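Below is one structure, written out as C-alpha cells, with a few remarks after it.
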Amino acid sequence: MGHFRSFTDGMKFFFQGLGWVARTPRWWLFGLIPALIVSVLYVVVLYLLGTNAGDLAEWATPFADGWGQAARNTLRTLVGLLIVGAGLVLAVVTFTAVTLIVGDPFYEKLSEKVEESYGEVPGGHEVPLWKSIPRSVRDSLITLGYVLLFTVPLFFLGFVPVIGQTVVPVLGALVSGFFLTVELTTLAMERRGMARKNRFAVLRGNKAAALGFGGLLFLVFLIPLGAVVAMPAAVAGGTIMVRTRLAPV
C-alpha cells in the first residue's frame, strides 16, 4: 500500500507543475520555445521512419523471402509496426533530454522561478553555460545507454505472443517513465550540487514516486503535441518533486 501511495504521490507532482504554469502562463509560453523547435525535428524523423517502415521490415526479415505471401506480409507488417513503436518510444524518452539540452537556459530559468515561489533558491553550485551543456550531453548519453539496456530486450520480447502485447508495453512505459524522471529532476538536483551517481541513488530510493511521475508523463508525451504542451509543466513538476520530496531545502 505504501508503494502505491508513493506512486500516486509521484503522479501528483506533474499536476502540481501543471498548476504552477497555469498560474504563470508567461513562463509556460517561455518554456514552449525549445520544445517547439525540437518537436519539428522529431516530427520529420518520425515521418521518415513511418514512410520507410515497410522497407526496414523487409530488410530485417530476409529469411521470410521464401514464405507464402500471406505469412510474409503478416510478419513484415508486425515488424514494421514494432519498428515504428520502438521509434516512438525512443522519441518520447529522448525528446526530454534533447529539449533540455537545447533549451538549457530556458529551463534553468523556469526551474529557478519555481524554486523562488517556494522560498530561497539553493545556490553555490552554479556552472558556466559552456561547461553545463557538455556535461548535460554526456549525462543524457549515459542515461540513453541505460534506456537502451532495458528497451532493446523489451523490443524483442514484443514479438512474444500475449506477453508482447500486454506485459511488455507496461514495463516499457515504467522503464521509460523512470528515465524521464531522471532527466526532469536533473536541473533542480544539480542546483544542489548533486552529481549523476547521487541523483540516480536518490531516485532509486524513491522508485515508486519516480515511476509515478515519469510513467504519467510518458503517457502524456504519447499524445500528439502532448510533449510540447506539457514540457514546461514537466520541468516545473520535476523541480517541485526535488524541492519537496527528493532533496528538500
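So L222 fits all but one of (1) modelled with pLDDT of 90 or more; (2) in contact with a helix residue (DSSP H, G or I) (Cβ under 9 Å, 6 or more places away or on another chain); what number is the exception?
Looking at each condition in turn, L222 falls short on (1).
Name, by its number, the condition in (1) modelled with pLDDT under 90; (2) part of a helix (DSSP H, G or I); (3) in contact with a helix residue (DSSP H, G or I) (Cβ under 7 Å, 6 or more places away or on another chain) that does not hold for L216.
Unmet for L216, out of (1) modelled with pLDDT under 90; (2) part of a helix (DSSP H, G or I); (3) in contact with a helix residue (DSSP H, G or I) (Cβ under 7 Å, 6 or more places away or on another chain): (1).
Report yes if V175 is assigned to a helix (DSSP H, G or I), at pLDDT below 90 and loosely packed, with under 13 Cβ neighbours inside 10 Å, otherwise no. Before the answer, list the steps.
Numbers: assigned to a helix (DSSP H, G or I): yes; at pLDDT below 90: yes; loosely packed, with under 13 Cβ neighbours inside 10 Å: no.
No; evaluated as a whole, the condition is false for this residue.
Please go through region 5-41 and pick out each residue that is surrounded by fewer than 17 Cβ atoms within 10 Å (Cβ to Cβ) and in contact with a Lys or Arg (Cβ under 7 Å, 6 or more places away or on another chain).
none
For E58, which of the numbered conditions (1) of a type in the set (D, E, K, R); (2) surrounded by fewer than 17 Cβ atoms within 10 Å (Cβ to Cβ); (3) in contact (Cβ under 8 Å) with a residue 60 or more places away in the chain fails to hold?
Just one mismatch for E58, condition (3).
For region 72-115, give me each residue that is open to solvent by 50 Å² or more (accessible area, probe 1.4 Å) and either among the hydroxyl-bearing types (S, T, Y) or touching a Cys at 6+ places or on another chain (Cβ under 7 Å) (or both).
Passing the criteria: T74, T77.
For L184, are the conditions met, namely being within 14 Å of the chain's Cα centre (by Cα) and among the aliphatic types (A, V, I, L, M)? Break it down into steps so the answer makes sense when it comes.
Values: within 14 Å of the chain's Cα centre (by Cα): yes; among the aliphatic types (A, V, I, L, M): yes.
Here the answer is yes, as L184 does meet what is asked.
List every residue pair whose Cβ atoms lie under 7 Å apart, where the two residues are 6 or more positions apart in sequence or sit on different chains, the first residue falls within region 226-249 and is farther than 18 Å from W27 by Cβ and of a type in the set (D, E, K, R), and the second residue, located anywhere, is at pLDDT 90 or above and assigned to a loop (DSSP other than H, G, I, E, B).
If the second residue must be at pLDDT 90 or above and assigned to a loop (DSSP other than H, G, I, E, B), the pairs left are R245/N206.
Residues K197, K207: which one is of a type outside the set (A, V, I, L, M, F, W, C), in contact (Cβ under 8 Å) with a residue 12 or more places away in the chain and open to solvent by 40 Å² or more (accessible area, probe 1.4 Å)?
Values: K197 fails: in contact (Cβ under 8 Å) with a residue 12 or more places away in the chain.
After applying the criteria, what remains is K207.
The values are calculated or read from the model by the stated rules, or taken from the named source; none is laboratory data. Bear in mind that the values here come from a model prediction, so they are computed numbers and not experimental data. Cβ sites come from the backbone with ideal geometry, for glycine too, and all protein chains shown count toward neighbours. Heads up: the accessible areas ignore ligands, DNA and RNA and are worked out on the full protein's heavy atoms, side chains in. Shrake-Rupley method; radii C 1.70, N 1.55, O 1.52, S 1.80 Å.
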